[in-house]
Amino acid sequence: IKREDEIGEVARELISMKEELSKQQNAKEEMIHNISHDLKTPIATIKSYSESIKDGIYPYGDLESSVDVILNNAQRLEDKVHSLLYLNRIEYLITTDAEGVVTNMKEVVEQVVLNSAVIDPDIRLITDVEEVFFDGLLEGWRVAIENIMENAFRYAKTYIKIVVRENDIRIYNDGPKMPEDRIETLFKPYEKGEGGRFGLGLSIVSKVTKTNHYIVKGYNTDDGVCFRIYRPVTQKKGHKRGKNNVGSRNDWQRDHR
């Protein structure tokens, strides 16, 4: 591999590829191990509470409260399994019959905001949305926006703001800033999230955006965090567009503030 010709170059590329594949395999194995651990907790809770109730013991004070714990953990388990299944099939879903299909992102965002409003009434939802169209199927984009919003609600203190322009969506929240090392791995599959848990939501966002040829990034702002989905090239001809879709740099700086 020390040869300074084409054969040496090929050898070095093969070794680099092997190392990357090995790294990905190790990451997947660690993810499976940690996801298994993450699934065990609600399963163990459901099992122990059910056995206690069967024996006439109410571990959370009374029957209704104890059953609520079981239901809450069953919901947690269902959400985790749903995320795993969706992550597994998302690439097939968003590439099947998706050629030339566009989605009205104004409609997607408005629907997601409507559904999200009940999550935490104390969080203000601010929207500045133009009618623009993104390449790809509606379901994939809906899930991607929902996952970013779910993440935003988890950390926001007082508000979440969504700005939609041509080829550009930004979702702000005034939660705590992210560590720099976390930003670097934010959307990578199989990466460990806050509290040592594997959050699959942002991995799904990454798959949707990459498959539809968009870029997703997260970064810190003056008063919190922003997630941005964008395409740095002119959109294909023939797609419907709303009016005044493209904002200036000053417009984005104002939105950022």
Taking the stretch 183-200 and keeping residues assigned to a helix (DSSP H, G or I) and either modelled with pLDDT of 80 or more or within 14 Å of I229 (Cα to Cα) (or both) leaves I183
Listed by first then second residue, the pairs whose first member lies in the stretch 119-132 and is in the same structural domain as D168 (by TED's automatic domain parsing), whose partner is among the polar types (S, T, N, Q) and at pLDDT below 95, with beta carbons under 6 Å and at least 6 positions apart or on separate chains, are E130/N245; V132/N245
Inside the stretch 132-182, the number of residues satisfying the requirement of being assigned to a helix (DSSP H, G or I), out of contact with any strand residue (DSSP E or B) (no Cβ under 6 Å at 6 or more places or on another chain) and of a type in the set (V, I, T) is 2
The condition of being modelled with pLDDT of 90 or more and closer than 19 Å to L137 by Cα holds, among M17, M105, only for M105
For the stretch 219-232, does any single residue satisfy the condition of being modelled with pLDDT under 95 and over 29 Å from P121 (Cα atoms)? yes
Of the conditions (1) more than 20 Å from the chain's Cα centre (by Cα); (2) modelled with pLDDT under 85, the single one that I32 does not satisfy is (1)
Picking from L93, L77, the residue that is within 29 Å of I204 (Cβ to Cβ), buried (at least 16 other Cβ atoms within 10 Å of the Cβ) and modelled with pLDDT of 75 or more would be L77
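The values are calculated or read from the model by the stated rules, or taken from the named source; none is laboratory data. All figures in this text were calculated on a predicted structure; none of them were measured in a lab. In this analysis, Cβ positions are derived from the backbone assuming ideal geometry, glycine residues included, and neighbour counts consider all displayed protein chains.
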